[in-house]
Amino acid sequence: MDIAKSISEGLARKVLAAKVNGEVRDLLRPINEDATLHLLTWDDKEGKSTFWHSSAHLMAEALEVLYPGVKFGIGPAVDNGYYYDVDLGGRQISQEDFAAIEKKMAELAGKNSTYVRKDVSKADALKYFTGKGDEYKLELINDLQDGSITFYEQGNFVDLCRGPHLASTAPIKAIKLTNIAGAYWRGDSSNKQMTRIYGITFPKQKDLEEYMNMLEEAKKRDHRKIGKEMEIFIFDDDVGQGMPLWMPNGGIMIEELEKLAKTTEDKAGYSRVKTPHIAKESMYLKSGHLPYYADSMFPPMEIEGTKYYLKAMNCPHHHKIFDAVPRSYKDLPLRLAEYGMCYRYEQSGELFGLMRVRSLQMNDAHIYCTEEQFESEFKAVNEMYLKYFKIFGIDKYVMRFSTHEPSKLGKKYLDMPELWKKTEDMVRKVLIDSKIPYVEVADEAAFYGPKIDVQIWSVIGREFTLATNQVDFGQPSRFGLTFKNEKNEDEQPIIIHRAPLGTHERFIGFLLEHYAGKFPTWLSPQQVAILPISEKFIPYAKNVMDKLKNADIRTTIDERNEKIGKKIRDTEIKHVPHMLVIGEKEEASGQVSVRRQGEGDKGSMSADEFVTFIKEEIKNYR
Ligand SMILES: [Zn+2]
Ligand SMILES: [Zn+2]
């Protein structure tokens, strides 16, 4: 806080926490060592989560006033706000009680109480919560080492907590409780069910209002709702949770996205491969996914005494293709691409529409290159992202660049200091040169190399994690992948894992919200609806449809005996981008009357002119 003040009063007002040598800490905690310092504000993920975790403590303080004797489980920050699991001792609480809790929180926040951090001995910690009769906190303390225990205190509330926290409650200006749910203590259904209360807070009232509006809009654009209305995908109980069935309209969207990916990747020098959906246990032991990743994989099936796993990632299969023939430096970079189907075990409680699924189709590719080629390969991958962002009108995006921590080489990270430094420097350079907005996060790289998580925002301002790019210097040695370098010596390639369009599931889920179902023509399941004014004009309408179908335009005719006004309204609801109205005048002149979804009448033209026009639109991904 003193450092922030020495920079400016404005910064001191905005700063929420500090990152000291990669660790997020309270602003009031002294810095006793030489340190790399990053001051965190509301614009930083860790700034927000410190704010929300502090808000969870504030809510707990309010609950203790309103519900004396309440006991507390855990109360972390989450993606959008925070929650606290509480045991109200038989008392019931509902959304109707939210206003009173919010009011009490606002009152307590206004007291500007400091969050005070205290080191406590295990004995003292146990004594405090025994006095309070909170068996949940006692259980947590019993699992902790003496000497590592801290309390945080604000106002009259004391919590067992590692922190970090805000300096005081003052910045918490706008408060909203959002939901209530049951939650088993420690996520175990044999334990007692607690009450989970969710909330969100902001430094400004205006931010809360914007957030509530965004939620309202997001509800209207809910991908599950639009996906069902437009017959894009369904889930079926006999197939299983988290495994979407793509209806014909969804099938078309998948085809179009794959066509886009294939065209783009062809131009960028990728080769396409195809691999099976299962593999033997030995391959995943080799890759290291087993045993470490076993929890996220479906359990094995046994055939002829051998265990097989559904593939959770395509990488090992691709490595085998790299390794199938001797490679020389002249073969590199080798870029192997596949829209690969993967299966991941997610707990049923974690599944959510298309966003969290158990079967997924990934826009995957692995680039095998030399150290010298790495920079230009990485740059090309980034350019591909930017190209896609432009096509889909994604204006806001951030690349979250996770790097290693040198003191943890050989422990948390592969012990290859030079390669870490070299690749991280190159990634950083590419990000800066291409003017891509990015944040650098120390000490969050993967075990085997730096990574970039790509965050995108939908048009209504909701954040999505689209994909991850990873640099990998671990897998080549596990799989013994080598190529002959110019001196005819064996050398290991570097691998880049990349998936710019993420998975079909998540990306189409995103697109449903982003476009609210009003897809651009190239992506629309149905591109043109021909609306004859009466039955008399159906033969001419069919004639027009043949022309469009010959040009590969997805077209239907509304042959119903309905008024044209109703036909137009019904087509608008289905979000078909183009309507061609056909009546006496059109037939006589050999033309069509064009209507654009949401824009209305666009005048008349010949069917051939319309074909030229719509083909141009599709070609340009509009
Ligand atoms: Zn806490
Ligand atoms: Zn991979």
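The values are calculated or read from the model by the stated rules, or taken from the named source; none is laboratory data. A quick note: this is a predicted structure, and the numbers were derived from the prediction, not measured. Note that we place each Cβ from the backbone using ideal geometry, even for glycine, and neighbour counts take in every protein chain shown. When the accessible area is computed, the model is the full protein with side chains, heavy atoms only, and any ligands, DNA or RNA have been set aside. Shrake-Rupley method; radii C 1.70, N 1.55, O 1.52, S 1.80 Å.
Details
- Rounded to whole Å, sorted largest first: equivalent-ellipsoid semi-axes of segment 49-117, Cα gyration tensor: 19, 15, 12
- Furthest towards positive pole of dipole, Ala337, Val544, Thr178, structure part the chain, Cβ charges: Val544
- Heavy-atom accessible surface of the chain: percent carbon and sulfur, 1.4 Å: 49 percent
- According to the calculation over all Cα-Cα pairs in segment 28-186, the P(r) per 10 Å bin from zero is 10, 38, 37, 13, 2, 0 %.
- Note on Gln95 and Leu37: the extension gain reaches 16.7 nm, defined as 0.36 nm multiplied by sequence separation minus the Cα-Cα distance.
- For the chain, the antiparallel share of DSSP beta bridges with both residues in that region comes to about 85%.
- Compactness of segment 188-252, expressed as Rg and Dmax over alpha-carbon positions, Å: 18.2, 48
- Mean projected area of the convex hull spanned by the Cα atoms of segment 401-490, taken over all viewing directions: 7.7 nm².
- For segment 330-362 and segment 178-197, distance of Cα centres in Å: 30 Å
- Fraction in percent of alpha-carbon pairs per bin - 10 Å, segment 21-79: 19, 39, 27, 13, 2
- When the Cα positions of Asn112, Tyr270, Val528 are compared along the charge dipole of the chain, Val528 comes out farthest toward the positive end, with charges on each C-beta of Lys, Arg, Asp and Glu.
- Between segment 305-326 and segment 363-406, the C-alpha centres lie 24 angstrom from each other.
- Label-reachable residues, segment 574-588, where backbone N falls under 18 Å from a point 7 Å from Glu562's Cα toward its Cβ: 574-583
- With a Förster radius of 35 Å applied to the C-beta separation of Ile391 and Lys204, the computed FRET efficiency comes to 0.50.
- Accessible surface for segment 124-260, divided over its residues, is 52 Å² per residue with a 1.4 Å probe.
- At full extension, Ser328 and Lys547 could sit 73.8 nm farther apart than now, given 0.36 nm per residue minus the alpha carbon distance.
- Modelled spin-label separation between Arg478 and Arg428, with each label point placed 7 Å from Cα along the Cα-to-Cβ direction: 2.8 nm.
- Within segment 450-475: backbone nitrogen closer than 12 Å to the Phe352 label point (7 Å, Cα to C-beta): 463-465
- Evaluated over segment 545-595, the Cα radius of gyration and Dmax, each in Å: 11.5, 30
- Binned Cα-Cα distance frequencies in the chain - 10 Å width, integer %: 3, 13, 20, 22, 20, 13, 6, 2, 0, 0
- When the Cα positions of Tyr152, Ile234, Thr201 are compared along the charge dipole of segment 129-283, Thr201 comes out farthest toward the positive end, with charges on each C-beta of Lys, Arg, Asp and Glu.
- Using 0.36 nm per residue and subtracting the Cα-Cα separation, the extra length available between Tyr293 and Ser148 on full extension is 49.3 nm.
- The relative contact order of the chain, computed from alpha carbon pairs under 8 Å that lie at least 6 residues apart in sequence, is 9 percent.
- Length-normalised contact order of segment 38-125 in % [C-alpha pairs under 8 Å, at least 6 apart]: 25 percent
- Euclidean distance of C-alpha centroids, segment 536-611 and segment 420-459, integer Å: 48 Å
- Mean sequence separation of contacting Cα pairs (under 8 Å, at least six apart), scaled by the length of segment 301-390, corresponds to a relative contact order of 27 percent.
- Helical runs (DSSP H, four residues minimum) scored at -39500 (n - 2.57) apiece and divided by the length of the chain put the mean residue ellipticity at 222 nm at -11000 deg cm²/dmol.
- Here is the size of segment 414-565 from its Cα atoms: Rg then Dmax, 25.7, 78 Å.
- DSSP loop GluC sites (Glu not before Pro) with at most 10 other Cβ within 10 Å: longest gap in the chain: 34-303
- A simple spin-label model places the labels of Ser282 and Thr465 3.4 nm from each other, with each point 7 Å out along Cα-to-Cβ.
- Too-long pairs where the Cα-Cα distance tops 24 Å, listed order kept, from Lys280/Lys484; Lys45/Lys206; Lys390/Lys435; Lys14/Lys176; Lys14/Lys387: Lys280/Lys484; Lys14/Lys387
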